[in-house]
Amino acid sequence: MSYFTVKVYPPRLEQIEELVALDNCCLGGLWSFDSYKRELESPNSHFLVLSLDSNQSILGCGCFWEILEEAHITLLMIEPNYQGQGFGQLLLYCLLKDAVKRKLERATLEVSASNQPALALYQKFGFQLAGRRKGYYRHTGEDALVLWRNNLHYPQFQEELSIWEKQINARFNQVNENLEFRI
């Protein structure tokens with residue numbers, strides 16, 4: 001029996017083309033090559049990518065900007081063929097765990113008002129509606145919902161992280177008993 005490991009790690013500059021291709025597939029070209037390069041080189045930008053050891057290509061990525069005591073999540077995307085399998089949960093978990101490691105107190109993000117799968121994921125992780133940005137997405141004119149998650153620095157949040165890690169592992173084991181994740 002062979003095992004596949006899900007790897008979550010900071011991307012390298014030579015992976016920018018792959019990030020741009022994933023962005024085009026998932027987000028319609030939200031960020032350019034130069035945008036990704038700038039993010040990877042910025043000390044305030046914290047990037048993670050996700051891949052399977054059986055397939056070294058990037059299946060997902062997430063990023064947040066560290067702004068004072070806040071993690072502003074700017075990206076969270078999973079390759080469409082891998083959506084709905086728990087990879088988005090894993091990536092969000094890893095971003096929030098990284099924010100806690102950096103002693104950030106809250107997380108925020110914008111999400112398309114019609115993106116029900118993403119909204120369900122964020123709500124599962126305790127994000128709450130804080131506002132709406134009218135016409136935020138230029139290419140569609142759609143509104144963005146602003147979501148917040150407070151108290152990342154409280155011990156209770158550490159307990160929640162531990163529970164989420166167990167749930168993610170259980171989901172991977174349920175979907176594919178040969179899949180485990182490593183950060």
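Derivation of every value follows stated rules applied to the coordinates shown; laboratory data play no part. Treat the numbers as computed from the prediction; the structure is a model and nothing was measured. Cβ coordinates were reconstructed from backbone atoms using ideal geometry, including for glycine residues, and neighbour counts include every protein chain displayed.
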Stretch gain in nm, segment Tyr82-Asp143, where the contour uses 0.36 nm per residue and the Cα spacing is subtracted: 19.4 nm
Lysine pairs within region 4-178, Cα separation less than 30 Å, 8 or more sequence positions apart or different chains: 18
In nm, spacing of pseudo-spin labels at Ser162 and Arg38 (7 Å Cα→C-beta vector): 4.2
All-pairs alpha carbon distance profile, region 24-89, 10 Å steps from 0, percent: 19, 50, 28, 3
GluC sites (Glu not before Pro) restricted to region 92-148 and DSSP loop, no more than 13 other C-beta within 10 Å: none
Shape category assigned to the chain from the gyration tensor of Cα positions, a/c cut at 1.5: rounded
Sum of -39500 (n - 2.57) over DSSP H runs of 4+, divided by residues of the chain (222 nm, nearest 500): -11500 deg cm²/dmol
Gain on full stretching of the segment that runs from Lys7 to Asn151 - 0.36 nm per residue minus C-alpha separation: 49.1 nm
Relative contact order (percent, whole number), the chain, Cα cutoff 8 Å, 6+ residue spacing: 22
Fluctuation leader among Gly135, Gly88, Gly60 - the chain, Gaussian network, Cα springs under 10 angstrom: Gly135
Potential lengthening between Leu27 and Ile67 on full extension [0.36 nm per residue; Cα-Cα distance subtracted]: 12.0 nm
Positive-end residue, the chain charge dipole about Cα centroid, Cβ charges, pick of Ser114, Cys26, Cys61: Ser114
